[in-house]
1. With the requirement that a residue be in a helix (DSSP H, G or I) and either surrounded by 15 or more Cβ atoms within 10 Å (Cβ to Cβ) or touching a Ser or Thr at 6+ places or on another chain (Cβ under 6 Å) (or both), what does region 21-49 give you?
2. Any idea which residue in region 55-80 is surrounded by the fewest Cβ atoms within 10 Å (Cβ to Cβ), counting only those that are among the basic types (Lys, Arg) and more than 15 Å from the chain's Cα centre (by Cα)?
3. Give the residues of region 19-66 that are farther than 24 Å from GLY81 by Cβ and of a type outside the set (Ser, Thr, Tyr), sorted by residue number.
4. Do the conditions hold for LEU83, that is, is it surrounded by 16 or more Cβ atoms within 10 Å (Cβ to Cβ), modelled with pLDDT of 90 or more and within 27 Å of GLU4 (Cα to Cα)?
5. When LEU61 is evaluated against the numbered criteria (1) at pLDDT 95 or above; (2) more than 30 Å from LEU98 (Cα to Cα), which criterion, by number, is the only one it fails?
6. Only residues in region 5-33 that are within 10 Å of LEU61 (Cβ to Cβ) count as the first member; pair them with residues that are among the aromatic types (Phe, Trp, Tyr), Cβ under 7 angstrom, at least 6 apart or cross-chain, and list the lot.
Amino acid sequence: MDTETALAALAALAHPTRLEAFRELVRHEPAGLSTGALVAASGLSQSTFSTHLAVLARAGLVTAEKRGRQQIQRASIDTLGRLMTFLARDCCQGRAELCGPLVADLAACC
């Protein structure tokens, strides 16, 4: 992942509504959630929420797939992984003493 892509993803997640929507989608992987369910959970209007969803999609964090008459939104776990790896590699720069605890925390949570 390059810096521009990382910045776009971080900027997309830097809004409370978008962060919560993304977290909700991650919790529902791999099945995803319908757009309607996401809108209802957000408490926002369809048009307002669609704007937030578009920001997440442009950043590559969310993808949509059509299932019957519904649009199912899914978190891009691949993009999330690349972002996390980018941050760890860039910030730790090969210093295991800095990233070791982070890796251990991630392993323990899953």
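1. ALA21, PHE22, GLU24, LEU25, THR35, ALA37, LEU38, VAL39, SER42, PHE49
2. ARG69
3. Answer for region 19-66, where residues must be farther than 24 Å from GLY81 by Cβ and of a type outside the set (Ser, Thr, Tyr): GLY36, ALA37, VAL39, ALA40, ALA41, GLY43, LEU44, GLN46, PHE49, LYS66.
4. Answer is yes for this residue.
5. For LEU61, the failing item is (2).
6. Listed pairs, sorted by first residue: LEU13/PHE22.
The values are calculated or read from the model by the stated rules, or taken from the named source; none is laboratory data. Just so it is clear, the structure is predicted and the values come from calculations on it, not from any experiment. FYI the Cβ positions are ideal-geometry reconstructions off the backbone, even for glycines, and counts take in every protein chain you see.
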